[in-house]
Amino acid sequence: MGLCGKTKSNTPLRRKLVVVGDGNCGKSSLMNVFTKGIFPQVYEPTVFENYVHEITVDGQEVEFGLWDTAGQEEYDRLRTLSYENTHIVLLCFSVDNRVSLDNILERWLPEISDHCPRAKLMLLALKCDLRDEEPTENGATEPVMYDEGVAMARQVSAVRYLECSAKHNRGVREVFEQAARVAILAQKDVQSAEDHHRQQQSHYPINYLPQPIPHKPVTACSK
């Protein structure tokens, strides 16, 4: 196709995405459902897990290196090794655990700011199906509602706020489609900055190249 035509990119955009959040908030279930289509029936704490998975959005293929991390404090030092060269961070909390939402601001944002300050942040509410269930324990807290999640997303300057249920596979793919779009937009921003820099290095700015001298005088009536 010609230089001015548009076509699907044959080269995947490779990006690293790290998933963080409190232990047992649903991170590993999210990853299993997205990459394998399987919802684990038994909770097994994750120490460290990574996957490579491709997704295509808007004609662009994105190859994600997906890193699932342990939320328990005893793995703090090991988890920080996962942050190198991270492009996107999914900050996760569970709608049935308000402490996990509070920890987004109190624990996870400071850690991310220290180790990968340039990464794009997305806030993700997990286990949203639990909003539809009646509390089974006395004194159970009310679930975190959508507006509260949006407010937290604004507070941490997240570029997206999404909700999903891995158990029912609702909204799972959309999470990673949106992550892919974030990656694509970020790449376009980088490319625009590089193009601008090259313009500044040029003798003539690209948008202001000298016009060719006309072969004959141009009058007001010329067309």
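The values are calculated or read from the model by the stated rules, or taken from the named source; none is laboratory data. All values reported here derive from a predicted model rather than from experimental measurement. Cβ placement follows ideal geometry from the backbone for every residue including glycine, while neighbour counts extend to all protein chains displayed.
Specify the residue that is nearest to the chain's Cα centre (by Cα); the eligible residues are those in region 159-175 that are within 16 Å of residue 91 (Cα to Cα) and part of a strand (DSSP E or B). Among them, the one singled out is 160.
Looking at (1) part of a helix (DSSP H, G or I); (2) farther than 15 Å from residue 21 by Cβ; (3) charged (D, E, K, R); (4) in contact (Cβ under 8 Å) with a residue 12 or more places away in the chain, which is the one condition that is false for residue 111? So the condition that residue 111 fails would be (2).
With the checklist (1) more than 27 Å from residue 168 (Cα to Cα); (2) touching a residue at least 12 places away in the same chain (Cβ under 8 Å); (3) touching a Phe, Trp or Tyr at 6+ places or on another chain (Cβ under 9 Å) in hand, flag the one item residue 105 doesn't pass. It is condition (3) that residue 105 fails. Check region 96-108 and report whether any residue there is among the small types (Gly, Ala, Ser), at pLDDT 95 or above and closer than 24 Å to residue 165 by Cα. The answer is yes; a qualifying residue exists. Residue-level check: of (1) touching a residue at least 40 places away in the same chain (Cβ under 8 Å); (2) part of a helix (DSSP H, G or I); (3) not acidic (Asp, Glu), residue 53 misses just (2).
Being surrounded by 12 or more Cβ atoms within 10 Å (Cβ to Cβ), at pLDDT below 95 and over 15 Å from the mean Cα position of the chain (by Cα) is a property that does not hold for residue 211. When you look at residue 77, is it farther than 20 Å from residue 170 by Cα and at pLDDT 95 or above, yes or no? Here the answer is no, as residue 77 does not meet what is asked. Of the set (1) at pLDDT below 95; (2) assigned to a strand (DSSP E or B), all apply to residue 3 but (2). Being over 24 Å from residue 183 (Cβ atoms) and assigned to a loop (DSSP other than H, G, I, E, B) is a property that does not hold for residue 102. Among the residues making up region 25-49, those that are closer than 23 Å to residue 103 by Cβ, out of contact with any helix residue (DSSP H, G or I) (no Cβ under 6 Å at 6 or more places or on another chain), surrounded by fewer than 20 Cβ atoms within 10 Å (Cβ to Cβ) and free of Cβ contacts under 8 Å to residues at least 60 places away in the same chain are 43, 44, 45, 47, 48, 49. Going by the structure shown, is residue 56 under 17 Å from residue 180 (Cβ atoms), at pLDDT 95 or above and of a type in the set (S, T, N, Q)? Yes, satisfied. Among the residues of region 58-86, those that are part of a loop (DSSP other than H, G, I, E, B), within 18 Å of the chain's Cα centre (by Cα) and buried (at least 16 other Cβ atoms within 10 Å of the Cβ) comprise 82, 83, 86.
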